[in-house]
1. For the chain, what is the calculated [θ] at 222 nm in deg cm²/dmol (nearest 500), taking -39500 (n - 2.57) for each run of four or more DSSP H residues and dividing by its residue count?
2. What span do the alpha-carbon atoms of the stretch 254-498 cover on each of the three principal axes, reported in whole Å from largest to smallest?
3. Using Cα-Cα distances under 8 Å and only pairs 6 or more residues apart, what relative contact order does the chain have, in percent?
4. Could you order the peptides 16-25, 574-583 from most to least packed, using the average number of other C-beta atoms within 10 Å per residue?
5. Compute the distance from the alpha-carbon center of the stretch 700-723 to that of the stretch 92-145, in whole Å.
6. Once Cα extents along the principal axes in Å is worked out from the coordinates, which option in [x] 79, 70, 60; [y] 104, 61, 49; [z] 92, 68, 44 does it equal?
7. Just report the Cα centroid separation between the stretch 469-487 and the stretch 284-338, whole Å.
8. Can you order the peptides 540-548, 597-605, 56-64 by their average number of other Cβ atoms within 10 Å per residue, highest first?
């Protein structure tokens, strides 16, 4: 039941007004571009985002993006108006508005973006904001669980899509959609790009086997469900496939993958829809049917199939948003959504009944609704498709079951004898009725005047097909095979509707295991994480250090092997006595550090090594670096020595002085480091950067000490960051030492 509360503010107060006016203003701004786009125009706008990587943020307004944007803003306006009454009195209504507006902006950015990287950013905005919307009732465990499921499934697909974007940029030489020339089918990276893009699209548009998250998203409030299912998030994957069709379509793998997956999803979801008793769940599964149908026809790829897909895109958006909003009114007015309980609501809720019957008739494909036109064109496209039997069979089966679902959702609850409901049936307020009525009437209007729809369907079809396509939408022209299939659909659908109780009972015996399987996967991930943590997080610092350096040794060994480096002895003729003296000094400190049993001696001898390094800097003319090194070594020895005064005494009599594996690892890293450094010294040295600093230090930074100029001018922010790190470390050390109060032994 709607968690609406009571609110005396008109339309939810300022938050409600903003939520209505923002999408309405955007809708009106977009609508003024319909004539130009319908005439074949394509509008673009671009601004540099990361110029160094040749990445820009751009807007591409063509038939496809304009159609989606109008649906997002138009239906968004009606949904937000609806929400002012449905949730206007909710204690977290302002938060809800923020989530919904974020989601709307994300979807608009997704469909309008000309740059694939920008598209991905908005793609993830919709993922995160939908997670917040689905889990809006955060006090319910079901909402939290289903929101996390949607986030993980679509987020994982999003990562695959990002990898595909990188490969597209490599193959096409650009990330701008409008600049991708021709098909990428002949490129060596095509298959990798295809599967990565399909993974992102299929998870977003809930194709089998990733379909289970979408019905579970019904845990969201009804306005969110209406918005997600009609015009926005779930069609994001469909939009991606449609947008990439000119570049990735036309191949056998594209055709068979999309046609088989889309057709199976459409029929499978239709069967699951009929077995539901919650009318909101019935609609959720019919959304899967629509998404599967759209994917299948995009995969078919013929001009007629693309035209049918774009027409059905509008059909589905109108009836699905209307029916979801209608269900919210029914839930609000009766206190239940159970199809086995709801009967005879027509007398108490006549306006809701009108909207429901019109929208459901469009879903069932009855004339003269726009849904009839959409279904007719799908049949015509199916009859001309390469895999005619499969495509036609899937559309016929799904359409028959949609007829049954329409009767269950919109006819049965309003006819017959009034049943007992938790709340006495009553009509909803006008903000909740405006959306479903207008959308239902829009489906009727486009059915009677299909020329109006052509202004959107024609340019959208051209954008997806990649070439101009002649589009001629009509309600009825002749008796043909498609028309006869429609009549057969009505007849079979009516028979199944009469037997829908027995059909539901038969289908109820089939229990898909996708959703429970998800729980088992998550349990396995949790168990695996616990086991891995028990192995890795032993609580022993020595093991952590050993594993870290072991990984470093493996990485260095692989690098040496791939580079083909071979050991050799450098010439030592230029070494003088002072060099040998410093070398012996450093080696003595290192050996003493390794073999001593005293902590203080180890710290002091390690400081000796650091001082030896400082001497090397002095010998080779870097006194400023040497001073820094000396200061660090002195500070380190002092801090560690002071810290050790606070530590308890440890008896090291039973501790082995030499650990074999530690010694082997240390020698391995030392040898590999030496080999790499010798190879670096033998390689030609590029002095381009050195010459730049030599020439630019005095005229640009007014300094002749090049090192200082680099630190305080050319790398000022980097130096500032290093100072901040040192300051934070010093404060942390001070707090640690000051807070430690252990008695001396």
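Only the coordinates and a few stated rules stand behind these numbers; no lab work does. What you see is a predicted model; the values in this text were computed from it and never measured. Methodologically, a virtual Cβ is constructed for each residue, glycine included, from the backbone with ideal geometry; neighbour enumeration extends over all protein chains shown.
1. -23500 deg cm²/dmol
2. 55, 33, 31
3. 11
4. Peptide ranking by packing, descending: 16-25, 574-583.
5. Here the answer is 43 Å between Cα centres.
6. Checking each listed value against the structure points to [y].
7. Cα centroid of the stretch 469-487 versus Cα centroid of the stretch 284-338: 21 Å apart.
8. Per-residue Cβ counts within 10 Å, averaged per peptide and sorted highest first, yield 56-64, 597-605, 540-548.
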